[in-house]
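Shown next, in structure tokens, is the structure this report addresses.
The values are calculated or read from the model by the stated rules, or taken from the named source; none is laboratory data. If you're wondering where the values come from, they're calculated on a predicted model, not measured in any experiment. In this analysis, Cβ positions are derived from the backbone assuming ideal geometry, glycine residues included, and neighbour counts consider all displayed protein chains. The area values use the complete protein model at the heavy-atom level, side chains included, leaving out ligands, DNA and RNA. Shrake-Rupley method; radii C 1.70, N 1.55, O 1.52, S 1.80 Å.
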Amino acid sequence: VGQRAINLTLKIFEKAINTILKPSGIEDIQGLYSHEARNYDFKHRLTTAYNDDALRKDIAREVKNILTKGHDTGSIRILDLACGTGLTIETINNLLPKDLAGIELYGLDMTEKMIQAGQKRLGQKTEIKLEKGDATNFIGTKEGVSSGGFRKFNPSSFDCITTAFGIGGIENSVKCFE
């Protein structure tokens with residue numbers, strides 16, 4: 001990669017980071033990530049000096065350790081909040097033992113274009129469901145898609161909930177953990 005390409009990428013991410021650190025609302029965040037969706041994975045790897053893969057693998061190993069120690073043979077549900085293009089939930093899927101039955105993997109992101117980019121990249125991996133939803137408001141009284149088009153889940157319906165990088169773009173991110 002030439003220096004010119006690196007400089008251009010850094011300028012693009014500087015603008016993105018300044019927007020993320022000073023969000024003025026959901027529409028701004030969705031607009032930013034909609035614009036970045038097509039090249040997000042590549043740019044993210046550059047800005048983390050390719051350390052994002054190592055963090056995702058650490059998360060996946062922790063999930064595997066939690067779920068394989070004493071978990072019954074019933075279904076296992078895992079949710080990744082602010083999943084972007086689904087790289088973290090895919091990494092979790094790749095590291096889980098293949099003999100675990102009944103695994104449901106969900107990635108939730110607010111930006112439709114990020115979900116679409118992830119679905120395109122995932123292709124035939126139908127065990128991973130990427131859906132539109134708000135990481136600060138994903139619990140509902142009825143599981144399914146709300147009238148606003150966001151996915152809702154029943155309270156206490158997941159064995160494990162993760163989040164990696166997307167949390168930085170969420171205004172009042174503490175609500176994700178309430």
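Listing for the model above:
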| read-out | value |
| --- | --- |
| Set 112, 143, 131: member being at pLDDT 90 or above and touching a Ser or Thr at 6+ places or on another chain (Cβ under 9 Å) | 112 |
| Any hit, region 70-92, residues being closer than 30 Å to residue 35 by Cβ, surrounded by 15 or more Cβ atoms within 10 Å (Cβ to Cβ) and among the basic types (Lys, Arg) | no |
| Pairs with Cβ under 9 Å, 6+ apart, first in region 56-68 and in contact (Cβ under 8 Å) with a residue 60 or more places away in the chain, second in a helix (DSSP H, G or I) and open to solvent by 100 Å² or more (accessible area, probe 1.4 Å) | none |
| Set 123, 102: member being of a type outside the set (D, E, K, R), on the phi > 0 side of the Ramachandran plot, surrounded by fewer than 20 Cβ atoms within 10 Å (Cβ to Cβ) and in contact (Cβ under 8 Å) with a residue 24 or more places away in the chain | 102 |
| Whichever residue in region 154-178 is aromatic (Phe, Trp, Tyr) and either farther than 19 Å from residue 102 by Cα or modelled with pLDDT under 75 (or both) and, among such residues, is most open to solvent (accessible area, probe 1.4 Å) | 177 |
| Count of region 126-153 residues which are surrounded by fewer than 16 Cβ atoms within 10 Å (Cβ to Cβ) and of a type in the set (A, V, I, L, M, F, W, C) | 2 |
| Residue within region 122-141 that is in a loop (DSSP other than H, G, I, E, B) and hydrophobic (A, V, I, L, M, F, W, C) present | yes |
